[in-house]
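What follows is a single structure, written as structure tokens, with notes after it.
The values are calculated or read from the model by the stated rules, or taken from the named source; none is laboratory data. The model shown is predicted, which means the values in this text are computed figures rather than measured ones. Don't worry about glycine lacking a Cβ; one is built from the backbone with ideal geometry, like all the others, and counts go over all protein chains shown.
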């Protein structure tokens with residue numbers, strides 16, 4: 001049984017103008033110690049996916065269908081108290097902007113100790129000791145003084161280290177990191193990413209890394225999901241997808257990387273923009289922007305096709321596979 | 001810490017200087033103190049002689065300098081009516097007013113925090129919607145109408161509570177005449193306190209509610225949920241502490257304002273406080289008393305704001321004052 005099994009997850013935002021589905025039919029699994037990258041444009045549903053795993057969507061968002069099974073328990077329907085015992089304990093989250101994540105009026109020590117006390121029967125002294133150990137693990141300089149300090153006394157990089165330390169406090173099975181380095185200085189980004197990678201490896205923690213940085217995903221994750229307009233369109237081993245993307249959208253993303261450009265020429269880009277969730281086109285949601293669009297793409301939703309070790313939701317890939325099979329048979 | 005208080009002290013001096021200047025310059029327009037003082041039978045010549053004697057005919061600046069130099073020595077002049085130092089007259093009435101403001105503040109804190117927090121957490125519940133509706137009415141109904149309504153209902157119809165006066169008072173430390181330590185005194189305090197609180201309470205409920213709703217949407221509250229902290233701790237520590245920052249700032253100013261609002265409340269309830277005294281002083285054109293009242297209220301304003309800043313500094317770690325390293 002996989003550690004985490006998300007199946008047919010659908011997330012709905014009930015707005016006055018009608019319900020908007022931010023996630024549709026999202027299914028994937030995560031094994032113990034595995035590192036999974038989730039990539040996509042802004043608004044593709046990456047963050048919503050991260051929050052819905054812990055059922056942390058704020059109103060009016062809610063899980064409208066599907067399940068999130070963690071060790072067999074469905075987090076989407078779990079009672080609040082049981083859910084609380086998993087949050088921060090077995091599955092923890094690291095947020096995007098460390099400037100906003102820590103409570104400005106509570107000391108670092110209070111914010112770390114309370115997390116331990118919420119999940120374990122433990123004295124403040126012991127909890128402080130564990131907090132110190134974790135601060136050392138994230139290579140925080142002079143950790144003792146940090147416990148007494150308030151967030152505003154620390155830099156962005158230091159705050160993100162503290163958030164990571166809080167994420168690791170209870171030795172969780174899974175960490176969900178929602179663009180953990182986006183808000184940081186470029187020089188700090190690599191440092192924090194390395195730190196997270198090392199800590200996850202050392203502690204055998206599974207990582208769900210949500211990002212739009214393909215470079216980071218290729219370095220960190222073993223498997224990846226590509227999301228577009230609330231759906232997964234391609235998933236599989238990171239190496240295979242990076243080296244040989246099947247879906248036209250993923251190919252477009254790869255070609256848009258500055259590393260792929262010829263010096264002196266314009267960077268490649270995917271034409272158009274992602275449709276707003278209220279107006280997702282019929283058929284394949286990528287069809288208006290796709291270079292290889294077929295007639296069938298405009299009417300039918302593509303099912304997943306196995307291609308190598310990857311699963312791709314594309315009619316074209318399906319047809320090409322079909323032809324290959326025919327050629328083999330002949 | 002000391003620097004902070006020294007700064008505040010000078011601020012208070014400046015505030016009181018400005019207030020005294022303003023109140024001094026309007027005194028000529030309040031009416032003729034002589035008419036109230038001596039009555040109809042005194043001839044015009046005698047009046048003029050009295051005016052000269054009292055220094056009322058001197059130029060404004062001369063009068064003001066004379067007043068200010070005395071005021072600096074703690075003498076704010078004698079009340080025409082009471083024939084006593086104006087300062088002493090007001091100080092005698094101050095406890096009653098402070099007790100009224102204290103009563104109203106207790107009511108505001110006791111009711112606004114739980115109601116505000118509840119309606120922020122459950123904005124869709126019928127209770128929150130009712131409270132929001134009622135608060136609009138509360139803000140828009142004038143104080144004296146609230147007072148009369150309360151008197152009609154609780155004093156006349158139900159006959160539960162007294163409608164005027166302070167009731168039985170006791171002496172504490174020889175100087176503080178208080179109604180807080182006798183059942184009768186407390187009973188007398190209830191209606192005036194609720195009346196005085198009636199304007200501020202809805203304001204505070206709405207303020208706490210809207211601040212809290214904003215804080216509940218913040219990233220750090222979301223992060224607290226993600227950490228698995230209990231809802232109680234999230235609402236009453238993580239969220240409420242941040243909610244209170246703007247509320248404390250507004251609250252400090254409002255408590256000062258309430259001292260001024262007591263004029264209406266005290267009049268309706270015949271509450272023997274300094275607001276009631278002030279209204280009488282205006283009627284009698286008792287200028288030294290009016291000026292002294294305005295200066296003392298100004299001082300109270302500065303003192304409460306100083307306290308509020310101290311409390312704010314304790315709650316908000318990003319503010320450095322009062323000796324925090």
ask   = Exactly one of (1) assigned to a strand (DSSP E or B); (2) more than 30 Å from residue A:157 (Cβ to Cβ); (3) at pLDDT 90 or above is unmet by residue A:14. Its number?
value = (3)
task = Just name the residue that is farthest from the chain's Cα centre (by Cα) out of those in segment A:62-80 that are within 14 Å of chain B (Cβ to nearest Cβ) and buried (at least 16 other Cβ atoms within 10 Å of the Cβ).
result = A:78
remark   = Subset of segment A:91-101, residues within 15 Å of residue A:192 (Cβ to Cβ), modelled with pLDDT of 90 or more and at the interface with chain B (Cβ under 8 Å from one of its Cβ atoms), comes to A:95, A:101
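Say whether the condition of being outside any helix (DSSP H, G or I) and closer than 21 Å to residue A:317 by Cα is met by at least one residue in segment A:257-268. Can you show your working first?
Residues of segment A:257-268 that are outside any helix (DSSP H, G or I), as a first pass: A:257, A:261-268.
This time we only want the ones that are closer than 21 Å to residue A:317 by Cα, so: none.
Scanning segment A:257-268 turns up no residue that is outside any helix (DSSP H, G or I) and closer than 21 Å to residue A:317 by Cα.
Evaluate the following for residue A:122: is it assigned to a loop (DSSP other than H, G, I, E, B), away from every other protein chain (no Cβ under 13 Å) and out of contact with any strand residue (DSSP E or B) (no Cβ under 9 Å at 6 or more places or on another chain)? Steps first, answer last, please.
On the way: assigned to a loop (DSSP other than H, G, I, E, B): yes; away from every other protein chain (no Cβ under 13 Å): yes; out of contact with any strand residue (DSSP E or B) (no Cβ under 9 Å at 6 or more places or on another chain): yes.
When the stated conditions are applied, residue A:122 passes them.
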inquiry  = Considering only segment B:236-247, I want to know if a residue exists there that is at pLDDT below 90, surrounded by fewer than 17 Cβ atoms within 10 Å (Cβ to Cβ) and more than 9 Å from chain A (Cβ to nearest Cβ).
reply    = yes
inquiry  = Is it the case, given these coordinates, that residue A:268 is closer than 26 Å to residue A:175 by Cβ, touching a helix residue (DSSP H, G or I) at 6+ places or on another chain (Cβ under 8 Å) and in contact (Cβ under 8 Å) with a residue 12 or more places away in the chain?
reply    = no
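Kindly evaluate residue B:293 against the criterion of being touching a helix residue (DSSP H, G or I) at 6+ places or on another chain (Cβ under 7 Å), more than 14 Å from chain A (Cβ to nearest Cβ) and surrounded by 20 or more Cβ atoms within 10 Å (Cβ to Cβ). First the steps, then the outcome.
Values: touching a helix residue (DSSP H, G or I) at 6+ places or on another chain (Cβ under 7 Å): yes; more than 14 Å from chain A (Cβ to nearest Cβ): yes; surrounded by 20 or more Cβ atoms within 10 Å (Cβ to Cβ): yes.
Yes: the conditions hold for residue B:293.
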remark   = Of A:49, A:106, A:57, A:83, the only residue that is within 23 Å of the chain's Cα centre (by Cα) and part of a loop (DSSP other than H, G, I, E, B) is A:57
note = Scanning segment B:202-230 for residues that are surrounded by fewer than 22 Cβ atoms within 10 Å (Cβ to Cβ) and within 20 Å of the chain's Cα centre (by Cα), the one modelled with the highest pLDDT turns out to be B:207
ask   = Among A:40, A:88, which is on the phi > 0 side of the Ramachandran plot, within 12 Å of chain B (Cβ to nearest Cβ), crowded, with 19+ Cβ neighbours inside 10 Å and under 21 Å from the mean Cα position of the chain (by Cα)?
value = A:88
query = Checking residue B:177 against (1) touching a residue at least 40 places away in the same chain (Cβ under 8 Å); (2) out of contact with any strand residue (DSSP E or B) (no Cβ under 9 Å at 6 or more places or on another chain), which single condition isn't satisfied?
reply = (2)
request  = Go through segment A:159-200 and give me each residue that's assigned to a loop (DSSP other than H, G, I, E, B) and within 12 Å of chain B (Cβ to nearest Cβ).
outcome  = A:169, A:170, A:172, A:183
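What do you reckon, is residue A:106 under 27 Å from residue B:240 (Cβ atoms), within 12 Å of another protein chain (Cβ to nearest Cβ) and surrounded by fewer than 21 Cβ atoms within 10 Å (Cβ to Cβ)? It would help to see each step written out before you state the result.
Numbers: under 27 Å from residue B:240 (Cβ atoms): yes; within 12 Å of another protein chain (Cβ to nearest Cβ): yes; surrounded by fewer than 21 Cβ atoms within 10 Å (Cβ to Cβ): yes.
For residue A:106, the condition - under 27 Å from residue B:240 (Cβ atoms), within 12 Å of another protein chain (Cβ to nearest Cβ) and surrounded by fewer than 21 Cβ atoms within 10 Å (Cβ to Cβ) - is met.
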task = From B:190, B:199, grab the single residue that is in a helix (DSSP H, G or I), touching a residue at least 60 places away in the same chain (Cβ under 8 Å) and either surrounded by fewer than 20 Cβ atoms within 10 Å (Cβ to Cβ) or within 14 Å of another protein chain (Cβ to nearest Cβ) (or both).
result = B:190
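Quick one: is residue B:156 part of a helix (DSSP H, G or I), modelled with pLDDT under 85, buried (at least 22 other Cβ atoms within 10 Å of the Cβ) and at negative phi? Step through it out loud before you land on a result.
On the way: part of a helix (DSSP H, G or I): yes; modelled with pLDDT under 85: yes; buried (at least 22 other Cβ atoms within 10 Å of the Cβ): no; at negative phi: yes.
Spelling it out, it is not the case that residue B:156 is part of a helix (DSSP H, G or I), modelled with pLDDT under 85, buried (at least 22 other Cβ atoms within 10 Å of the Cβ) and at negative phi.
Which of the following residues is at pLDDT 75 or above and crowded, with 17+ Cβ neighbours inside 10 Å: B:61, B:98, B:34, B:50? Talk me through it step by step, then tell me what you get.
Details: B:61 fails: crowded, with 17+ Cβ neighbours inside 10 Å; B:34 fails: at pLDDT 75 or above; B:50 fails: crowded, with 17+ Cβ neighbours inside 10 Å.
Answer to the selection: B:98.
Test residue B:185 against the stated conditions and say whether it is crowded, with 17+ Cβ neighbours inside 10 Å, modelled with pLDDT under 80 and closer than 22 Å to residue B:263 by Cα.
On the way: crowded, with 17+ Cβ neighbours inside 10 Å: yes; modelled with pLDDT under 80: yes; closer than 22 Å to residue B:263 by Cα: yes.
Yes; evaluated as a whole, the condition is true for this residue.
Among A:194, A:178, which is more than 21 Å from residue A:47 (Cβ to Cβ) and within 18 Å of the chain's Cα centre (by Cα)? Spell out how you get there, then give the answer.
Numbers: A:178 fails: more than 21 Å from residue A:47 (Cβ to Cβ).
After ruling out the rest, the residue left standing is A:194.
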ask   = in contact (Cβ under 8 Å) with a residue 24 or more places away in the chain and under 25 Å from the mean Cα position of the chain (by Cα): does that describe residue A:146?
value = no
query = What is the number of the single condition among (1) at the interface with chain B (Cβ under 8 Å from one of its Cβ atoms); (2) crowded, with 22+ Cβ neighbours inside 10 Å; (3) out of contact with any helix residue (DSSP H, G or I) (no Cβ under 6 Å at 6 or more places or on another chain) that residue A:50 does not meet?
reply = (1)
